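Structure, as C-alpha cells:
The values are calculated or read from the model by the stated rules, or taken from the named source; none is laboratory data. From a predicted model like this one, the values you see are computed outputs, not experimental measurements. Every residue, glycine as well, gets a Cβ built from its backbone with ideal geometry; the counts of neighbours run over all protein chains shown. What goes into the accessible areas is simple: the full protein's heavy atoms, side chains included, and nothing from ligands, DNA or RNA. Shrake-Rupley method; radii C 1.70, N 1.55, O 1.52, S 1.80 Å.
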Amino acid sequence: STKTLARAGCSVCFRRNVCSSPSRLQNCMSAWVIDQYGTNGVLKYTEEVAIPTVSSTSEVMIKVHAASLNPLDIAMRGGYGAKLLKLRRDPLSVMDTVSEFPLILGRDVSGVVVDCGSDVTHFAPGDEVWAAVPPWKQGSLAEFVTLTEYEVSHKPKLLNHTEAASIPYVANTALSALVNAGGLCRDNSSDKRVLIIGGSGGVGTFSIQLLKAWGAHVTVTCSQNAEGLVRGLGAEEVVDYTTGDAAEQLQVMEKFDVILDSVGRETEQWAVGLLKPWCGAKYVTLATPLLLNTDSMGLLDGAFNAVFSLQAKAIQSIISSGAFYRWGFYAPDGPGLDEISKLVDAGKILPVVEAQFPFTQVPQAFQKLEQGHARGKTVVRVAEEDDRQDDELIENIRRDTAESEQEGQETAKQN
Ligand SMILES: NC(=O)C1=CN([C@@H]2O[C@H](COP(=O)(O)OP(=O)(O)OC[C@H]3O[C@@H](n4cnc5c(N)ncnc54)[C@H](OP(=O)(O)O)[C@@H]3O)[C@@H](O)[C@H]2O)C=CC1
C-alpha cells in the first residue's frame, strides 16, 4: 500500500499509452551501469534499467538532478567490497544464486521527490531533497533512485542541485567518524584540538568546515598547493606533507584530542603518538580493511581477521599512547543531514565543487577522480535544472495514481 503512481509508464513522463519518448522501453530509465567489475571500460550507458519504484511504505522515490563521485565508486567499479555488499543487498546471495548486475554506482544524490510510500511523513512529491545512497543500494548515476525515509533529508535552500550533490556522502562519513567514533559534537568541540590527515579532498574539506562550525581548533595535513583552499575553509594550522616529514612537523605542536585520518596506512604508524595521552583522545581512521579482507579471505575469515586486527591495534594504542584507536565508517543518516542543511543555510558550510560533468560524460568524471589530488568534489549533472519538468512529472504521477485507484475501486466493485 503506497501513495503511489502508475508503474507501467515511460520513465520520462510516466504516461502509459501516450508516452512522448517512443524509444524508451516501458518501466525503464537511463543509467550508467556495470555488468562486470573492471576498469573504466566497464561503465555502460543504458536506457533499459528498471525504474526503482516505491516498494515499501517507508520509501521515497527521487528524480536525480545531480550525483557526485567518491573514491568508493572507483573501488566498487573494480569489485571492492563485492562479497559483503552482495550479502547486505540480499542474504540469499551467499548461495550465489543472485547477481548484483547490472550495478549502478554513485553515492550522492540531490533531486526532487516524485513518489512516497504511505508511511512517509516528512516528504511529499515536489520536495527538494539530498541523500547519501548506501553502497548496498542501487546508486544515483541514474534518472531515479529510491531510498528509505530515514536516509533522505531536505536539501539546503541556498544550494542548487549540483552544489548540494557534493556533500551528503562525505557529510554522513564525517558525522559518523567524528561523532560516533571520535566522540565530538556541536556542544563539546569548542575546546578541542583536531587534526585532519588529508584535508584537501571531499571528506577533508567538509570536515574542516563542520569542525569550525562546532568551534574546534583545526590542523590539517595536505599538499602545498592546497594550503590556500584549506585555510580559506577555516584550518588554523597547515602542514605540507610533500616537503619534509609531516610527522616531525606535527610532533612539535601541542597534542591533539581527536585525529581524523582520511589517508591511512603509513600515517597510522605515527599519528597515534600525536594524541594527548590518558585523557580519552581518539584516533579515527577511514582506511579500514574490512571489505578488502572479506573480498580476499571470504566473509567469515575476512570479518574475523578484521575484527581481530582492530582489537589488537586498539589494545596496542592504549598501552603505548594512552589513546583510543577506532575505525570510521560511512553510515546513512538523514537526520544528520538535516543538521548539516541548517549549517549550509547559515553560511557555515560551503560546497567545494572542483569539477562537474554532464550525464553523458560519466566515464570522464571517473577518469578525473582516478587521477587523484582531489580538491573537493567531482559532480555529475544528471538532469538539467528545470522546475517545470518536475512539476509536470509529479502532476502525471498524481493523475496516474488517481486513475489506478479508480480502476482498483471499479475492479473491487465488480468482484
Ligand atoms: N571507511 C569509510 O566508510 C569511508 C572511507 N573513505 C576513504 O577516505 C579517504 C578520503 O576520502 P575522500 O576525501 O572522499 O577522498 P578524495 O580523493 O576526495 O581526497 C583525498 C585527498 O587526500 C590527499 N592526500 C593524498 N595523500 C595524502 C597524504 N599522504 N597526506 C595528506 N593528504 C593526502 C589528496 O590530495 P594530494 O594527493 O594532492 O595531496 C586528496 O586531496 C579515501 O581513501 C576513501 O576511500 C571515504 C568515505 C567513507
Between the alpha carbon centres of region 41-83 and region 227-282 the gap in Å comes to 35
Magnitude of the Cβ-charge dipole (Lys and Arg +1, Asp and Glu -1) of region 61-127 about the Cα centre, nearest 20 debye, reported as 260
Between the alpha carbon centres of region 142-193 and region 332-404 the gap in Å comes to 14
Across 68, 317, 110, the residue with the highest GNM fluctuation in the chain (Cα network, 10 Å cutoff) is 317
Over the chain, with neighbouring protein chains present, the accessible area per residue in Å² at probe 1.4 Å is 44
Rg/Rh of region 75-185 (Cα atoms, Kirkwood Rh), to two decimals, equals 1.00
On the accessible surface of the chain, probed at 1.4 Å with all protein chains in place, carbon and sulfur together account for a percent value of 54
In deg cm²/dmol, rounded to the nearest 500, the helical mean residue ellipticity at 222 nm of the chain, built from -39500 (n - 2.57) for every DSSP H run of length 4 or more, is -10000 deg cm²/dmol
On the formula 1/(1 + (r/R0)^6), with r taken between the Cβ atoms of residue 82 and residue 383 and R0 of 30 Å, the FRET efficiency rounded to 0.05 is 0.55
Computed about the Cα centre, the charge dipole of region 250-375 from +1 Lys/Arg and -1 Asp/Glu charges at the Cβ has a magnitude in debye, to the nearest 20, of 280
Within the chain, the percent of DSSP beta bridges that are antiparallel, given to the nearest 5, stands at 55
The Cα radius of gyration of the chain, divided by 2.2 N^0.38 Å with N its residue count, comes to 1.04
With a Förster distance of 35 angstrom and the Cβ-Cβ distance between residue 269 and residue 370, calculated FRET efficiency to the nearest 0.05 equals 0.85
Largest fluctuation, 28, 279, 185 only, Gaussian network model of the chain with Cα springs under 10 angstrom, belongs to 279
Stokes-Einstein, Kirkwood over Cα pairs, region 187-301, 37 °C, 0.692 mPa s; D in µm²/s equals 223
Plugging the Cβ-Cβ distance of residue 299 and residue 225 into 1/(1 + (r/R0)^6) at R0 = 60 Å yields, to the nearest 0.05, a FRET efficiency of 0.90
Ordered by number, the GluC sites (Glu not before Pro) in region 182-285 that occupy a DSSP loop and have at most 15 other Cβ atoms within 10 Å are 236, 254
Square roots of five times the C-alpha gyration tensor eigenvalues of region 298-366, ordered largest first and given in whole Å, equal 36, 22, 13
Hits for the chain under the membrane-span-like helix rule (DSSP H, Cα axial span at least 27 Å, Kyte-Doolittle mean at least 0.0) are 299-321
The orientation-averaged projected area of the Cα convex hull of region 91-153, in nm², is 5.0
Total charge of the residues flanking residue 276 in space, meaning their Cβ is under 11 Å from its Cβ, with Lys and Arg +1 and Asp and Glu -1, is +2
Across 310, 175, 300, the residue with the highest GNM fluctuation in the chain (Cα network, 10 Å cutoff) is 300
With label points set 7 Å from each Cα along the Cα-to-Cβ direction at residue 42 and residue 339, the distance between them in nm comes to 3.6
Over all viewing directions the Cα convex hull of region 120-179 casts an average projected area in nm² of 4.9
Note: probe point = Cα of residue 240 + 7 Å toward Cβ; backbone nitrogen < 13 Å; residues of region 205-225 passing the test are 222-225
